[in-house]
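Have a look at the structure below before the remarks.
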Amino acid sequence: MASNMDREMILADFQACTGIENIDEAITLLEQNNWDLVAAINGVIPQENGILQSEYGGETLHGPAYGPTSHSTAASSTPSSSSAFRHVVPSRQIVERQPRMLDFRVEYRDRNVDVVLEDSSTVGDIKHILENELQIPASKMLLKGWKTGDVDDSTVLKTLHLPKNNSLYVLTPDLPPPSSSHSGALQESLNQNFMLIVTHREVQREYNLNFSGSSTIQEVKRNVYDLTSIPVRHQLWEGWPPSATDDSMTLAVSGLTFPCHRLTVGRRSSPVQTREQSEEQCTDVHMVSDSDGDDFEDATEFGVDDGEMFGVASSALRKSPMMPENAENEGDALLQFTAEFSSRYGDCHPVYFIGSLEAAFQEAFYGKARDRKLLAIYLHHDESVLTNVFCSQMLCAESIVSYLSQNFITWAWDMTKEANRARFLTMCTRHFGSVVAQTIRTQKTDQFPLFLIIMGKRSSNEVLNVIQGNTTVDELMMRLMAAMEIFSAQQQEDIKDEDEREARENVKREQDEAYRISLEADRAKREAQEREMAEQFRLEQIRKEQEEEREAIRLSLEQSLPPEPKEESTESVSKLRIRTPSGEFFERRFLASSKLQVVFDFVASKGYPWEEYKLLGTFPRRDVNVDLMVAYIFQL
């Protein structure tokens with residue numbers, strides 16, 4: 001059994017020979033071969049002829065030789081093609097390990113710093129390089145993003161088993177954030193317009209181009225490509241400030257002279273090929289031509305055109321982009337995407353949701369639990385050699401289209417243009433978090449297209465799977481079905497919770513309705529009582545007014561009565577005794593010459609008005625009121 005030090009050397013040699021950068025994959029393959037370097041290499045790299053001798057096991061292994069550039073493509077079976085490969089060097093040379101280089105992209109606020117170190121370096125070496133680049137003391141830095149957790153400055157990178165490309169970020173909790181004045185100045189710079197005077201060296205022609213401060217250097221180069229027909233990768237520039245080291249940098253922070261800056265562009269000369277390169281290229285072509293000719297001629301039937309066979313993506317030959325750059329409306333951009341996708345790959349394709357990503361979330365996740373679906377996000381990239389095969393063979397397969405239509409809401413985005421890529425990464429960070437955004441950001445062009453499977457989980461969105469373009473129809477279907485199984489289990493729980501919640505809400509609604517009816521009944525009863533009390537009050541008021549009026553009349557009549565004559569009066573006097581309905585008696589003397597109205601006024605002054613009571617004579621019995629009425633008639 002090899003020691004830990006030997007295993008590290010074997011792992012490094014195995015990666016150097018096979019080109020496998022994934023540490024986990026390399027360790028798995030070595031463990032399958034009991035850490036036998038030669039056996040693991042022969043198991044990964046197929047070959048018709050060749051003998052590989054190992055010093056680790058002391059035995060001679062007969063197996064396929066392998067080529068210098070590929071570990072997954074088998075050579076032709078003809079002798080002429082096998083001569084294009086070189087055999088593995090003796091094992092003594094394999095053991096002599098070359099230093100392994102690691103690439104780090106370190107993010108700090110709005111800056112990205114690229115660091116390249118040997119794996120024998122330490123974490124502290126990275127901090128010392130960043131100290132010079134960022135002008136931040138190494139003691140103030142917290143270097144985060146390690147897959148193995150936090151490490152200290154003395155940790156050797158080799159012990160972390162890192163892949164070749166790594167992404168880290170720096171935190172400085174002890175340092176104050178940038179001042180608001182600096183942020184205000186940066187925002188002002190982003191809103192300014194820069195005049196770039198670009199001179200085309202070959203034709204001696206100047207172009208005056210206006211760009212906002214928020215535009216990137218990459219956008220400038222793409223616009224210059226439209227004017228000069230010089231592809232971005234072939235452009236040779238002069239005049240950019242030393243600080244403009246990254247094409248994703250905005251003009252506002254690149255150090256350009258405001259408001260006008262001069263630049264010169266020319267075509268980069270192609271390097272002269274060496275004789276060995278020419279021979280190797282000729283040998284490669286010979287190898288392809290020695291294979292079945294029908295496979296080469298009919299390559300387009302499998303979604304691969306001539307441009308892709310020679311390493312040139314066919315998308316470079318197309319005029320119409322899948323999606324306009326800097327589209328203001330996501331719905332309009334997706335309409336063009338759908339139309340262009342149909343024109344390229346036919347009408348049998350997934351039904352893409354037309355609308356913003358937020359609207360797709362609403363459609364997929366925020367309906368009733370029984371109506372919810374998974375969200376599939378297709379990320380297209382025209383410059384990937386896998387795109388044409390993935391779209392034509394897998395994404396447009398009837399089984400895939402049918403399964404997606406029944407169980408998924410499919411939303412698409414084009415990552416070819418840098419502006420569209422940045423826009424999606426911003427959306428991704430907002431909805432899925434920085435970890436998922438960083439994962440997509442680190443994907444290489446040849447790993448596209450990507451298929452993201454998203455499941456809405458209560459208050460968050462969970463990425464179930466990220467499917468790369470190098471897959472098959474069966475594998476794609478299996479991964480979609482696996483995601484659907486996870487979603488179905490969660491959906492059943494959501495349906496159960498929703499039913500229980502609706503039952504509780506129904507009970508609450510019934511209780512609220514009963515309470516509302518009770519309140520209305522109480523209110524109606526209270527209003528009736530209030531009306532009855534108001535009516536009683538009104539009648540009481542009327543009664544009081546009538547009593548007051550009657551009392552006023554009584555007092556008036558009492559005051560208007562003539563004085564009662566005395567018994568010794570010389571005039572003829574009549575004494576009347578009047579019995580009331582209550583049994584009481586009133587007595588008074590009246591002059592014989594007085595009118596009958598005086599008697600009635602007297603009775604009325606006692607509270608018995610003649611309109612309500614009758615005055616009856618006892619003997620003979622007669623109605624005195626009638627006599628009074630007759631007297632009134634005669635007076636009239």
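Using a Förster distance of 30 angstrom, determine the FRET efficiency expected from the C-beta separation of A482 and E358, and round it to 0.05. With a Förster radius of 30 Å, E is 0.65. Computed from backbone phi, the HN-Hα couplings of the range 212-219 come to 6, x, 7, 6, 9, 5, 4, 5 Hz, rounded to whole numbers (Karplus: 6.51 cos²θ - 1.76 cosθ + 1.60, θ = phi - 60°; Gly and Pro given as x). Bridging of K164 to lysines at a Cα separation below 18 Å is possible for K144, K147, K444, once same-chain residues fewer than 8 apart are set aside. The label-point distance for Q492 and N329, in a model that sets each label 7 Å from Cα toward Cβ, rounds to 4.4 nm. Classify the range 363-486 as rounded, prolate or oblate from the Cα gyration tensor: take a ≥ b ≥ c as the square roots of its eigenvalues, call it rounded if a/c is under 1.5, otherwise prolate when a/b beats b/c and oblate if not. The shape class here is oblate. Projecting label points 7 angstrom from Cα along Cα→Cβ for E584 and H128 puts them 12.7 nm apart. Each of Y608, Y108 has its accessible area taken with a 1.4 Å probe; listed largest first, they run Y608, Y108. Note on surface exposure: M533, M9 rank M533, M9 by accessible area, highest first, 1.4 Å probe.
Within the assembled protein chains, the solvent-accessible surface assigned to K368 is about 110 Å², based on a 1.4 Å probe. Other residues within the sphere of radius under 13 Å centred on the Cβ of W411, judged by their own Cβ, net out at -3 (K and R +1, D and E -1).
Note on S167 and W146: their simple-model spin labels are 2.0 nm apart, each label 7 Å out from Cα toward Cβ.
Calculated FRET efficiency, E31 and R109, Cβ-Cβ r, R0 45 Å, to nearest 0.05? Step by step, r from the Cβ atoms, then E = 0.60. You can think of it this way: the chain between S212 and R501 has 98.8 nm of extra reach, that is 0.36 nm per residue less the Cα-Cα gap. Cross-link pairs exceeding 30 Å between alpha carbons, from the set K368/K417; K544/K606; K140/K417; K544/K595; K566/K614: K368/K417; K140/K417; K544/K595. Solvent-accessible surface (1.4 Å probe) assigned to T245 amounts to roughly 120 Å².
Heavy-atom accessible surface of L464, to the nearest 10 Å², is about 50 Å², with a 1.4 Å probe and all protein chains retained.
Just to make sure I understand: if all protein chains stay in place, what is the order of Y207, Y515 by accessible area at 1.4 Å, largest first? Kindly include the intermediate steps, with their values, before the conclusion.
Numbers: Y207 30, Y515 140 Å².
Accessible-area ranking of Y207, Y515, largest first: Y515, Y207.
Can you give the FRET efficiency to the nearest 0.05 for Q336 and V203, using r as the Cβ-Cβ distance and R₀ = 30 Å? Mind showing how you got there, number by number?
Working: r = 33 Å, r/R0 = 1.11.
For R0 = 30 Å, the calculated efficiency reads 0.35.
The slack between D347 and D623, meaning 0.36 nm per residue of separation minus the straight C-alpha distance, is 87.9 nm. Once the Cα-Cα distance is subtracted from the 0.36 nm per residue extended length, the E568 to V116 segment shows a gain of 147.8 nm.
The values are calculated or read from the model by the stated rules, or taken from the named source; none is laboratory data. Everything quoted here is computed from the prediction, not taken from an experiment. Cβ sites come from the backbone with ideal geometry, for glycine too, and all protein chains shown count toward neighbours. These area figures cover heavy atoms from the full protein model, side chains too; ligands, DNA and RNA do not enter into them. Shrake-Rupley method; radii C 1.70, N 1.55, O 1.52, S 1.80 Å.
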